[in-house]
Amino acid sequence: EGKNADAKKVAGGFEVFLTKIADRKEGNTFGSLYWVAETFFSMGTATELGGKGSVDEARQYYAKSAATYLTILKRVKDAPEGFNAPAGSEATIKVRLAICLREMGEFEKSLKLLQGMLREKENRLDIQREAALTYQEWGVSKPSYYENAIKGAAVDGRILVWGWGGIAKRVMGFLG
């Protein structure tokens, strides 16, 4: 409604609130930190859709989301039983971190993280999708990566990232 200044002021206050929660030394749970990370991510998405000049601002929110995901991963590693992290949550957090990195334009870091997970579980369709999408978005600035997004990419001498074509073949195999 043309109240961008008011919206920015509210978002700024909310950002301070989220940062204070994330920075607490005690009292955070997996749930509270996950909520902070997801909220920062949502703020980044909303800001990015805001138009001109908002990409850099959105990346700042994605960076805060990524930092919170890194905190979660550290807490899961250091004291999993005291942090109340759900079983299997580490993989979920790594995927979300990879998405943040992609949204920040850190395509190489995002793919490295995703490829590391695919080395362990190549058939994770969600990770394959994110890897293909990362190559696709990287293709905007480096068109040669569109081919990787479509045909897949070799890692250590084999096609580890399937690409959209490989995903389609495998999914059709299940449907046919």
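The values are calculated or read from the model by the stated rules, or taken from the named source; none is laboratory data. Bear in mind the structure is a predicted one, so any value in this text is a computation, not a measurement. Heads up, the Cβs are rebuilt from the backbone with ideal geometry, glycines too, and the neighbour counts pull from every protein chain shown. For accessibility, only protein heavy atoms count, side chains too; no ligands or nucleic acids. Shrake-Rupley method; radii C 1.70, N 1.55, O 1.52, S 1.80 Å.
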Looking at K94, K112, which one is open to solvent by 30 Å² or more (accessible area, probe 1.4 Å), in contact with a Leu (Cβ under 7 Å, 6 or more places away or on another chain) and in a helix (DSSP H, G or I)?
-> K94
In region 117-130, what residues are part of a helix (DSSP H, G or I) and surrounded by 14 or more Cβ atoms within 10 Å (Cβ to Cβ)?
-> M117, L118, I127, Q128, R129, E130
Determine whether A154 is within 24 Å of T92 (Cα to Cα), out of contact with any Cys (no Cβ under 6 Å at 6 or more places or on another chain), of a type outside the set (D, E, K, R) and at pLDDT 95 or above.
-> no
What pairs come up if the first residue lies in region 56-75 and is open to solvent by less than 60 Å² (accessible area, probe 1.4 Å), the second is of a type in the set (S, T, Y) and at pLDDT 95 or above, and their beta carbons are under 8 Å apart, counting only those six or more places apart or on different chains?
-> I72/Y34
Looking across region 76-91 at residues that are in contact (Cβ under 8 Å) with a residue 12 or more places away in the chain and open to solvent by less than 60 Å² (accessible area, probe 1.4 Å), the single one that is nearest to E26 (Cα to Cα) is F83
Please go through region 24-53 and pick out each residue that is modelled with pLDDT under 85 and either open to solvent by less than 30 Å² (accessible area, probe 1.4 Å) or assigned to a helix (DSSP H, G or I) (or both).
-> E48
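Would you call S65 small (G, A, S) and either over 11 Å from the mean Cα position of the chain (by Cα) or at pLDDT below 95 (or both)?
no
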Top-ranked residue in region 160-176 [being without any contact (Cβ under 8 Å) to a residue 12 or more places away in the chain and open to solvent by less than 90 Å² (accessible area, probe 1.4 Å); ranked as nearest to L111 (Cα to Cα)] | A168
Take the residues in region 73-91 that are within 22 Å of R129 (Cβ to Cβ), assigned to a helix (DSSP H, G or I) and not charged (D, E, K, R), then tell me which one is nearest to the chain's Cα centre (by Cα).
-> A91
